[in-house]
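The structure appears below as structure tokens.
The values are calculated or read from the model by the stated rules, or taken from the named source; none is laboratory data. This one's a predicted model, so the numbers in the text were calculated from it and none came from an experiment. Please note: Cβ atoms are built from the backbone with ideal geometry, for glycine as well, and neighbour counts cover all protein chains shown.
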Amino acid sequence: MHIRLAMIVGVMFLKIELKINGKFRTAEVSASERLIDVLRQKFGLVSVKEGCGAGECGACTVIMDGEAVCSCVVPAFQADGHDILTVEGLEENGELDVIQQSFIDCDAVQCGFCTPGMIMSAKALLMKNPCPSREEIRTALAGNICRCTGYVQIIDAVETTAARIGVCRR
Ligand code: FES
Ligand code: FES
């Protein structure tokens with residue numbers, strides 16, 4: 001833990017250090033700030049969307065230490081010392097991650113509001129289980145809500161990613 005306390009005009013701030021998309025970053029956060037606030041407002045990572053703000057819709061999903069989490073319900077100070085991955089951290093050397101390309105190729109990119117969270121939930125699944133069944137994909141994405149369309153292309157995109165990674169031989 002790297003937390004240090006500071007009082008600024010009567011408000012207690014905590015200094016946290018975390019790794020975001022492979023880089024060590026520090027931030028001063030109040031006790032009421034959430035991880036989503038830090039990512040969007042302090043570091044400009046606007047792929048992280050706020051929908052419900054209550055852990056129900058998955059729009060704010062990021063990967064923390066390999067697990068998909070709703071960043072709207074994680075207090076910022078609890079992210080101290082942890083490793084955070086957002087959509088912005090997926091591309092490498094200007095190349096999209098295979099999961100991003102598969103979402104495009106399978107027409108799974110829909111409104112843009114739910115998509116980043118869907119991608120991060122799917123990425124977390126594939127990091128642990130590189131060859132998931134359609135049922136396992138559905139279960140992993142159960143917390144990611146789309147209000148306007150179906151999930152078929154999204155599940156296709158995750159399956160396609162698994163096939164392209166090359167571990168999956170079905
Ligand atoms: S905005 Fe975080 S789960 Fe809906
Ligand atoms: S909420 Fe994103 S496509 Fe419906």
Check your understanding: From the list 97, 37, which residue is more than 9 Å from ligand 1 (Cβ to nearest atom), of a type in the set (Asp, Glu) and more than 25 Å from residue 153 (Cβ to Cβ)?
Key -> 37
Review point. Taking the range 87-101, which residues are within 15 Å of the chain's Cα centre (by Cα) and either at positive phi or within 16 Å of ligand 2 (Cβ to nearest atom) (or both)?
Key: 87, 100
Study note, to complete from the structure: By residue number, the members of the range 102-121 that are in contact with a helix residue (DSSP H, G or I) (Cβ under 6 Å, 6 or more places away or on another chain) and more than 14 Å from ligand 2 (Cβ to nearest atom) are 102
Check your understanding: Got at least one residue in the range 109-117 being surrounded by 22 or more Cβ atoms within 10 Å (Cβ to Cβ), within 16 Å of ligand 1 (Cβ to nearest atom) and part of a loop (DSSP other than H, G, I, E, B)?
Key -> yes
Check your understanding: Which ones in the range 118-150 are of a type outside the set (S, T, N, Q), away from ligand 1 (no atom under 16 Å from the Cβ) and either in contact (Cβ under 8 Å) with a residue 60 or more places away in the chain or surrounded by fewer than 19 Cβ atoms within 10 Å (Cβ to Cβ) (or both)?
Key -> 123, 127, 128, 130, 131, 134, 135, 136, 138, 150
Practice item. Taking the options 121, 102, name whichever one is in a helix (DSSP H, G or I), in contact with a strand residue (DSSP E or B) (Cβ under 6 Å, 6 or more places away or on another chain) and of a type in the set (Ser, Thr, Tyr). Key: 121
Practice item. Enumerate the strands (runs of 3 or more DSSP E) found wholly within the range 6-86, keeping only those where 2 or more residues are modelled with pLDDT of 95 or more and over 14 Å from the mean Cα position of the chain (by Cα). Key: 11-20, 23-30
